[in-house]
């Protein structure tokens, strides 16, 4: 694990914490002989840094990033070694001081392979993330940005709006729900201003959806409509339970194998199709045939229902599955 | 600690958990010889239950409630033994199964003494809450409801709206900010429908304020106004720091003594004035004079600045302070 940062003090702190085995003076030094490269910076700075990393990285090195929006970077980079990434982890804290060995345990890690992304390098990245304890999920870059606008960027917007409205003189007086909803308020403005701007129109859409829903609630309340308020509370409870149940669902893993031609984009096509269908790919492995013109991909999928759905989808795409189910 | 509940199973569970010393079959049995009574129920049911409790309670028993809105109950009850209350504690969990011995450690506990509330009984309740580890804060009932509309009811509304918007199939995939903002979504619908309805117009005001602020953010984003977005993020960070700093501020305690006539409403007047001015009353004690027509009230106040402000206010109300500062 070799690190490079333009700030020497950050590098030293990372070494002292054991987050790095060694520190490099340049991007080239850091990438000499590397198998994988993670580019971590505010999203506005990423395209230029990824270009630098690709220029310095060996030809068999997968390069990824951890930016919170994906469309801009994926459109900017077409190198077959690049796969966009976004781990769903972290807290309101920032910097090497907030590093934790278990940061990615059980965390979803979105991957946005492009049409040109190499299948072999995608597999390596996927397995590396699984080894970190994360759950890689393939997703189309535009779908990722729309999803995150609602489930991450909008919560940050709401936290910022709420904290600015507080007349309370302390979080303790305001109480636990206020504390929960404002924890991420003002999170690292340097990072977040970039995120807001790089996904501005999807976030504005989500905000306008929120405004409509809030206006409905205000009008139920102004009308003292007890039935509507009770129904709305019940719906929220049901919705939250659905999400929690999805997290708790522990399903046995099924193995699916398909033989595919060895051309760029095949793995992206398959993982994205399965991701779109909500299939959780627990792990995957590539085995090129000796002639290197085709290869087998093995997917491990959680749950019998998801496995059946995956099998159906793969067949529709022209790749009948072997093995169970 | 004697408990009464209309549901026998709940009473048994409370006994088994050690939350009660004994269980009573009726409200009257529970209140025989009681010094203080806490009425805990959804806010819609409170007025009738508080009337029952007052009918059964001894003449020197303080009766309070823990309802999340205070205007309705305070307007309904004019007994001198009643002081409205609202602890700012708890979680998205409900019921005796979620009981914890440290639930009120460091928690603000709003008290809304009415004009008729007895000073002696207010003092007893205040000291009892301090003994539980809570920080009692006197506040006018209408001001309480407006404040809570923003710092508690609005967060619940936002959580409900957000959870209904989620296209994600799990909280883990949605990430930590979504988890934080939706933790209270659908919280105990039986309790919350009552809360929303009993404070409907203040909550609708807070929602409409939120809508205006959200519309501003959406328009900054549509205009890609980087300066405005950065300023808005910075402001949110500053506002959150201000609230956290207020919690961290540990200030030495100052003692203030005033002599007051022994008439109803004096203590309410003083504690509410100090509460409005943001003075944190750490503790208070009453000492009636032997003729019982006047008495001394000692306030312990956190921080030199607050103590000076309290001294000034008490003097303006006609009660010059003795002791420090």
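What's the exposure ranking of A:269, B:80, going from fewest to most Cβ atoms within 10 Å?
Numbers: A:269 16, B:80 19.
Listed from fewest to most nearby Cβ atoms, that is A:269, B:80.
Please arrange B:198, B:117, A:22 by counting, for each residue, the other beta carbons lying within 10 Å of its beta carbon, fewest first. Could you put the intermediate results ahead of the total?
Values: B:198 23, B:117 28, A:22 11.
The fewest-first ordering by Cβ neighbours comes to A:22, B:198, B:117.
Per DSSP H run of n ≥ 4, the term is -39500 (n - 2.57); total these for the protein assembly as shown, divide by its residue number, and report the mean residue ellipticity at 222 nm rounded to 500 deg cm²/dmol. Working shown, then result.
Values: 28 runs with 312 residues, N = 650.
Per the formula, -14500 deg cm²/dmol.
Explain nothing, just the number: relative contact order of the range A:1-128, from Cα pairs under 8 Å at least 6 residues apart, as a whole percent.
Numbers: 193 pairs, mean separation 25.5, N = 128.
So the answer I get is 20 percent.
Please list the equivalent ellipsoid semi-axes of the protein assembly as shown, computed as the square roots of five times the alpha-carbon gyration tensor eigenvalues, in descending order and whole angstrom. Don't skip to the answer; put the middle values down first.
Values: eigenvalues 633, 157, 91 Å².
Value: 56, 28, 21 Å, ordered largest first.
What nm distances, shortest first, do you get from the label point of residue B:120 to those in the other copies when the point sits 7 angstrom along Cα to Cβ?
Values, ascending and in nm: 9.0.
Given springs between every Cα pair under 10 Å in a Gaussian network model of chain B, which of B:243, B:197, B:284 has the largest fluctuation?
The residue that fluctuates most here is B:243.
Can you list the copy-to-copy distances for residue A:242, using a point 7 angstrom from Cα toward Cβ, in nanometres, shortest first?
3.9
On each of the three principal axes of the Cα atoms of the range B:253-316, give max minus min coordinate, whole Å, ordered largest first.
Result for the range B:253-316: principal-axis Cα extents of 35, 19, 17 Å.
Compare A:121, A:256, A:158 in a GNM of chain A, Cα atoms joined below 10 Å, and give the one with the largest fluctuation.
Comparing A:121, A:256, A:158 in the GNM, the peak value goes to A:158.
Need one value for A:52-60: mean number of C-beta atoms belonging to other chains within 10 Å of its residues' C-beta atoms.
Details: counts 0, 0, 0, 0, 0, 0, 0, 0, 0.
Average neighbour count from other chains, rounded to a whole number: 0.
Name the residue, out of A:199, A:225, A:262, whose mean-square fluctuation peaks in a Gaussian network model built on chain A with Cα pairs under 10 Å.
In the Gaussian network model the winner is A:225.
With angles folded into 0 to 90 degrees, how steeply does helix A:189-198 sit against the dominant principal axis of chain A? Use alpha carbons for both and round to 10.
It works out to around 80 degrees.
Using R₀ = 56 Å, calculate the FRET efficiency as 1/(1 + (r/R₀)^6) where r is the Cβ-Cβ separation of residue B:128 and residue A:76; round to 0.05. Walk me through the numbers before you get to the answer.
Details: r = 64 Å, r/R0 = 1.14.
So, using R0 = 56 Å, E works out to roughly 0.30.
What is the mean number of Cβ atoms from other protein chains located within 10 Å of the Cβ atom of each residue in peptide A:224-231, rounded to a whole number? Before the final figure, lay out each step's value.
Details: counts 5, 2, 6, 1, 1, 8, 7, 2.
Mean partner-chain Cβ count within 10 Å for A:224-231: 4.
Applying 1/(1 + (r/R0)^6) with R0 = 25 Å to the Cβ-Cβ distance of residue A:1 and residue A:48, what FRET efficiency is obtained, to the nearest 0.05?
Values: r = 24 Å, r/R0 = 0.94.
E between residue A:1 and residue A:48, to the nearest 0.05, is 0.60.
Taking only C-alpha pairs under 8 Å that are 6+ residues apart, what is the relative contact order of the range B:145-248 in percent?
Details: 46 pairs, mean separation 30.6, N = 104.
Reported relative contact order: 29 percent.
Taking the Cα centre of each part, how many Å lie between the range B:94-158 and the range B:234-287?
So the separation of the two Cα centres works out to 14 Å.
Given an 8 Å cut-off on Cα distances and at least 6 residues of separation, report the relative contact order of chain B as a percent. Before the final figure, lay out each step's value.
Numbers: 502 pairs, mean separation 47.2, N = 325.
Computed value for chain B: 15 percent relative contact order.
Relative to the longest principal Cα axis of chain B, at what angle does helix B:46-56 sit, 0 to 90 degrees, rounded to 10?
20
Starting from the exponent 0.38 and prefactor 2.2 Å, build the expected Rg for the range A:2-140 from its residue count and divide its actual Cα Rg by it.
On the way: Rg = 14.3 Å, N = 139, 2.2 N^0.38 = 14.3 Å.
Ratio of Rg to 2.2 N^0.38 Å for the range A:2-140: 1.00.
Rounding to the nearest 10 and keeping the result within 0 to 90°, find how far the Cα-based axis of helix B:266-276 lies from the longest principal axis of chain B.
20
For label points placed 7 Å from Cα toward Cβ, what is the shortest-first list of nm distances from residue A:309 to its copies?
Those label-point separations list as 5.6 nm.
Within the range A:122-136, which residues have the backbone N less than 12 Å from the label spot 7 Å out from residue A:253 along Cα→beta-carbon, could you tell me?
From the range A:122-136, the list is A:127, A:130-131, A:133-136.
Across peptide A:196-204, what mean number of C-beta atoms from other chains lies inside 10 Å of a residue's C-beta?
Details: counts 9, 7, 1, 1, 9, 4, 1, 4, 9.
Partner Cβ neighbours, averaged per residue: 5.
FYI, it's all coordinate maths here, none of it is from the lab. In this text the structure is predicted, and so the values were computed from the model without any measurement. Cβ: placed from backbone, ideal geometry, glycine included. Neighbour counts: every protein chain shown.
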